[in-house]
1. Can you work out D for the chain in µm² s⁻¹ from Stokes-Einstein, where Rh is the Kirkwood radius over C-alpha pairs, the temperature is 37 °C and the viscosity is 0.692 mPa s?
2. Using the Kirkwood radius built from alpha carbon pairs, what does the Stokes-Einstein equation give as D for region 173-329 at 20 °C and 1.002 mPa s, in µm² per second?
3. Could you give me the ³J(HN,Hα) list for region 149-160, computed from phi with Karplus coefficients 6.51, -1.76, 1.60 and θ = phi - 60°, whole Hz, x at Gly and Pro?
4. Gaussian network model of the chain, Cα springs within a sub-10 Å range: biggest mean-square fluctuation belongs to which of Ala257, Ala215, Ala283?
Amino acid sequence: MDAHRQWHTAPAILLVLISPVIVNLLFGSVRITNPFGLLPAALGWGLGALIIRELARRRGLRWRSIMLLGLALALTQECIVLQTSLAPLIGVAPNNVYGRWLGVNWPFLLWALGHESVLAVGAPILLVELLYRERRTERWMSNTGLVICSIVFVLGAVFTWYGWTQVFMPQAFPQSAGQVAPLSIALAAIPAVTIAIFALNLSPLSPRVFSSSGAVPRPWQLGIAAFVVGVAWSALVFIAYGALPHTHASIPLTVGAGIAATVTIAINRWSARAGWTDLHSLALVSGGLIAAMLAGFPLLSLSGGGTIDQVGKLLLNVVTIIALVLLGIRVSRDRFIAAG
């Protein structure tokens, strides 16, 4: 493979690798002592993010389509492949799962949809496109490559489903295994497919018309706001595991849905204004990612993560923050050069 070919495929390869690292390894759901856990994650999240990015850029779709496709992917993983939002939560008595109704762990599902669509799809795509800004609107794969990736993605989903629901869960958590009704899985496929079709048929990207009348928060302000929202969103997973046992589940679900709607509306408005830059996008991702990394420490501890896992996660998180700062410096420098 010549140098040009390697450069041509580098963004696609990086996206496949970075997606599971962000959503699983940096968060702590995959421990540093079990790196092989990244393989099924790469097949699901990595290839999924790459396929989503490729479809969106080929069709000239906007970021709203990318995030909706990420939501469809998260719903597929949660309710069809891993079924973690349908089976009783691991480590909780099957008949005592907080907010479980009609066979769905609603607080956990809401948290997972936001966490995974942002950190497994949106954030990795944005970061890789910032690293390869000159190619951010281009195809990263040939038609043959897209077909191969799609086939491997489907085969990977089957492999992950079998390994998790038919092997791991029955052996490690028999009390939670085998309790997902086929009808629930089939019903979950309906919104996932509907969201995907809707996202792919939204209006394509047109020349942006900026409004000079609206103000945009400074990047550092946006980063802090994203961190605060990220911490609040991470609280949902603790609530799902019973942190507020005497609070009716409808309350955190309503608050969570309100946060998601408010953030979506605000970002759509700000990103359409003249003052929005790549630095704003990076600050948005960085704040949310740091919040998720922070929330992962108590979860890792509660799940039995040892000292090596905790220290390894800390070191990876610190390296990630340094990398985000360096990327921010590069983006600021390039913007300054372009302006001059």
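A short reminder: the numbers here are calculations on the coordinates, not readings from a lab. It should be emphasised that the depicted structure is a prediction, and the values quoted were computed from it without experimental measurement.
1. Taking Rh from Cα pairs, D becomes 157 µm²/s.
2. 112
3. 3J(HN,Hα) across region 149-160, in whole Hz: 4, 5, 5, 5, 4, 5, 4, x, 5, 5, 4, 5.
4. Evaluated over the chain, the most mobile residue of the options is Ala215.
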